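To keep things clear, I will list the structure first and then write my remarks on it.
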Amino acid sequence: DLTPRSKELEPDIVAEVMVRHGDSRVHILAAPSHPEDAEMVTGPQFRDVLKYLTNLYTYIIVDTASDLSNVTLETIDVCDLLVLVTTQEIPAINNMRIMLGLLDALGIPRERLFLVMNRFDKQIAITPDKVGENLRQEVMLSIPENNQIVTPSVNRGVPFMQDRKKAKEVGEGILTMTEKIRQRIKELNAE
């Protein structure tokens, strides 16, 4: 809805398409509901939209697809911090190695990367430290595995953070990640 108008954006145009999340101050700009509409979004248009949104919002979080489309590449190029998520599985770690190699080839400084290990299981010998050494990129944070909380939450469409007692470890991991990301962005902006 915004990309065709990317050169003429105004706050009221943006407000028309944003969805407000309950009583929070979070606004959501959803991806096109039909895949064929997404094909009409160009990288430069999306870049213009992101740049405009920085005038309206303190933080902008873009959840990209794992492929490196033009839209994803433009997003990577303009972002302050790129949060990369991996798990302990060897294929996921190998995919992260490939991604880091591509980001290096694109000239993205490693300081702009924030690597997170999701679904961390202490029972598995593949630790965040070992993964960080292997990838030559520090794993900044690990979020523990908890299938009894997270999977039902995803399936019901109800955020597990609404019951912080049940989701204690995972919830603390998410909150810690949020604070570390906020701190890293401050550091990058100060540099």
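The values are calculated or read from the model by the stated rules, or taken from the named source; none is laboratory data. Everything numeric in this text was worked out from a predicted model, so none of it was measured. All Cβ positions, even for glycine, are placed from backbone atoms using ideal geometry, and neighbour counts span all protein chains on display. In case anyone asks, the SASA skips ligands and DNA or RNA and just uses the protein heavy atoms, side chains included. Shrake-Rupley method; radii C 1.70, N 1.55, O 1.52, S 1.80 Å.
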- line: Number of Lys pairs in the chain closer than 21 Å at Cα, excluding neighbours under 8 places apart unless interchain, is 8
query: Using the heavy atoms of the protein chains alone and a 1.4 angstrom probe, what is the accessible area of the chain per residue in square angstrom?
result: 67
field: For the chain, the spread of Cα positions along each principal axis, largest first, Å
entry: 53, 42, 38
- request: Note down the accessible area of Glu138, probe 1.4 Å, to the nearest 10 Å².
  value: 120
- request: Roll a 1.4 Å probe over the protein heavy atoms and report the accessible area of Met96 in Å², nearest 10.
  value: 10
statement: With only helices counted (DSSP H, runs n ≥ 4, each -39500 (n - 2.57)), the per-residue ellipticity at 222 nm for the chain, to the nearest 500, works out to -14000 deg cm²/dmol
- prompt: Could the peptides 26-38, 104-116 be put in order, highest first, of the mean number of other beta-carbon atoms found within 10 Å of their residues?
  reply: 104-116, 26-38
query: In whole percent, how big is the carbon plus sulfur part of the accessible area of the chain, probe 1.4 Å, protein atoms only?
result: 52
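Largest first, how would Thr75, Thr64 line up by accessible area (1.4 Å probe)?
Putting Thr75, Thr64 in descending order of accessible area: Thr64, Thr75.
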